[in-house]
Amino acid sequence: MSQPLRLGIAGLGTVGTGVVKIVQQHAALLSARCGRPITISAVSARTRHKERGVDLSTYGWEDDPVALAKRDDVDVVVELMGGEDGPAKASTEAALHACKDVVTANKAMLAVHGQELAELAEANGCVLRYEAAVAGGIPVVKALTEGLAGNKVTRIMGVMNGTCNYILTRMEKAGLSYDEVFKEASDLGYLEADPTLDVGGIDAGHKLALLSAVAFGTKVNFDGVHLEGIDRITIEDINRASDMGFRVKLLGVAQMTGRGLVQRMTPCLVPKGSPLGRLERATNMVVIEGDSCGQIVLRGAGAGEGPTASAVMSDVIDIARGLRMPVFGQPATSLADAPAATSAAPAPFYLRLSLLDKPGALAKIATTLGDVGVSIDRMRQYGHAEGSAPVLIVTHKTTRDALDQALSRFDATGVLAEQPVAIRIEEV
Ligand SMILES: NC(=O)c1ccc[n+]([C@@H]2O[C@H](COP(=O)([O-])OP(=O)(O)OC[C@H]3O[C@@H](n4cnc5c(N)ncnc54)[C@H](OP(=O)(O)O)[C@@H]3O)[C@@H](O)[C@H]2O)c1
């Protein structure tokens, strides 16, 4: 029989134990598919004697994940601890210095250190794989680097944080406020220890930065991702946007333009009937547009033990089969710098205003928009209550700069009952 591929797994939490289960439960299937067995030599976690629901008794144990990475009986280090730096980065570097391949699910580490780790891996003839780091169980890195490799990618969009999509869709269905659903999500254990990673768009922004690098052949540039979280989205925005045929999503968009690389992870409106608009609960979706393939829509579980372990195993299986590829689909030293675009492409916007019950109030708003070149596509006014009335406006395509000019002039009209809300409408 061919030599087994011997894993060292650092991190035995949700994903790590999921990987152990697949290796144990599907041993025959994996061996048949790879033409060689996949085995586990040793594992590492913080606490040795913790019940994890899997039998670890036949594996070696290391308290230190760096020591695990250096073991002679480990061919591939599977890093599933998480964290930008610390033991995750140290053990990844130790493995690559020892000319061992690495599989990781760690988007935070790669979004920040991806370029240097890719250069180190490739200089040492190693592969560094991270399918599980982006959209959990959805094989999107593979789709870009293999199935769609013949395309020039024109745009990538994605809902890539299940917790945010859960919060937004739950608010809509149950008519609850952001704070109420945030607490619910927290009680259910859906939020990261630092919830701003989820609701602030940081976790999804990490994923978008990795996809951009693969799609556009650029160095990972997480600092270039324009981030806005969902914490200022109100139930009123969700309901009013729905009246106009839209749903609110925390949407990532990456696009190479003449002005530079656009990368944004912000709340956007998408048409209710579109694939992104129909996305419910914690499900993820990635939409890839290529010049030859047109639009490809990938949908599935973006997190959780099974889906994430499935993605980790797809990388392990590729290594067992001898499939090797540059980290970001082309040699790391050939990746271009990716200066962030200085301005976003024009788009339609949704405006929610609360106007005082004064004669000519609406006309003043329309004139102000017209003065800065923003034209109105659709408008809806609701009845007055307590001296003010909600007004919804959908603009034709305009720039954010023009819209900001209009917003700053609204104050002077003296007809606003509260600060207006403006949300970009993404054409999908
Ligand atoms: N959970 C998901 O659905 C999901 C989805 C996509 C990607 N990911 C990524 O997958 C990675 C792991 O996530 P997870 O949810 O499995 O995390 P987790 O449940 O918190 O598990 C982390 C594991 O790492 C171990 N660990 C932490 N610090 C360590 C150290 N200094 N030395 C040795 N071991 C250490 C912990 O040990 P103890 O158990 O002893 O505390 C634990 O077993 C992260 O990068 C995450 O972003 C997770």
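The values are calculated or read from the model by the stated rules, or taken from the named source; none is laboratory data. These numbers were taken from a predicted model, which means no experiment stands behind them. With ideal geometry, Cβ positions are generated from the backbone for all residues, glycine too; neighbour counts draw on all protein chains shown. Just the protein is used for accessible areas: all its heavy atoms, side chains included, with ligands, DNA and RNA removed. Shrake-Rupley method; radii C 1.70, N 1.55, O 1.52, S 1.80 Å.
Every condition in (1) open to solvent by less than 50 Å² (accessible area, probe 1.4 Å); (2) within 29 Å of S212 (Cα to Cα); (3) charged (D, E, K, R) is met by D85 except one, and the failing one is (1).
Just one of the listed residues (S44, S57) is under 30 Å from the mean Cα position of the chain (by Cα) and among the small types (G, A, S), and it is S44.
Screening the candidates L110, L148, L188, L117 for the property of being within 12 Å of the ligand (Cβ to nearest atom) and either open to solvent by 40 Å² or more (accessible area, probe 1.4 Å) or under 15 Å from F328 (Cα atoms) (or both) yields one hit, L110.
In the range 235-274, which residue that is over 20 Å from V153 (Cβ atoms) and out of contact with any strand residue (DSSP E or B) (no Cβ under 8 Å at 6 or more places or on another chain) is surrounded by the most Cβ atoms within 10 Å (Cβ to Cβ)? Among them, the one singled out is I235. Taken together, the residues in the range 116-142 that are among the aliphatic types (A, V, I, L, M) and either modelled with pLDDT under 95 or closer than 16 Å to A254 by Cα (or both) amount to 4. Of the numbered criteria (1) modelled with pLDDT of 95 or more; (2) open to solvent by 10 Å² or more (accessible area, probe 1.4 Å); (3) part of a helix (DSSP H, G or I); (4) touching a strand residue (DSSP E or B) at 6+ places or on another chain (Cβ under 9 Å), the one N165 fails is (2). Hey, does the range 82-101 have a residue that's at pLDDT 95 or above, small (G, A, S), more than 7 Å from the ligand (Cβ to nearest atom) and outside the structural domain of L12 (by TED's automatic domain parsing)? Within the range 82-101 (the criterion being at pLDDT 95 or above, small (G, A, S), more than 7 Å from the ligand (Cβ to nearest atom) and outside the structural domain of L12 (by TED's automatic domain parsing)), the answer is no, since none of the residues qualifies. Here V372 meets each of (1) among the aliphatic types (A, V, I, L, M); (2) open to solvent by 10 Å² or more (accessible area, probe 1.4 Å); (3) at pLDDT below 95 with one exception, condition (3).
With a cut-off of at least 2 residues that are touching a helix residue (DSSP H, G or I) at 6+ places or on another chain (Cβ under 8 Å) and away from the ligand (no atom under 16 Å from the Cβ), name the strands (runs of 3 or more DSSP E) lying wholly within the range 1-75.
On the way: elements: 5-10, 38-44, 60-62.
Those strands (runs of 3 or more DSSP E) span 38-44.
Output the qualifying pairs, or none if there are none: Cβ atoms under 6 angstrom, residues six or more apart or on different chains, first residue in the range 15-33 and farther than 18 Å from A303 by Cβ and at pLDDT 95 or above, second residue away from the ligand (no atom under 14 Å from the Cβ) and aliphatic (A, V, I, L, M). Listed pairs, sorted by first residue: V23/I38; V23/I40; L30/I38.
Any chance the range 322-345 includes a residue that's in a strand (DSSP E or B) and more than 16 Å from the ligand (Cβ to nearest atom)? Let's see the steps before the verdict.
From the range 322-345, those in a strand (DSSP E or B) are 336, 340; that's our starting set.
Imposing the further condition that a residue be more than 16 Å from the ligand (Cβ to nearest atom) reduces the set to 336, 340.
Yes: one or more hits.
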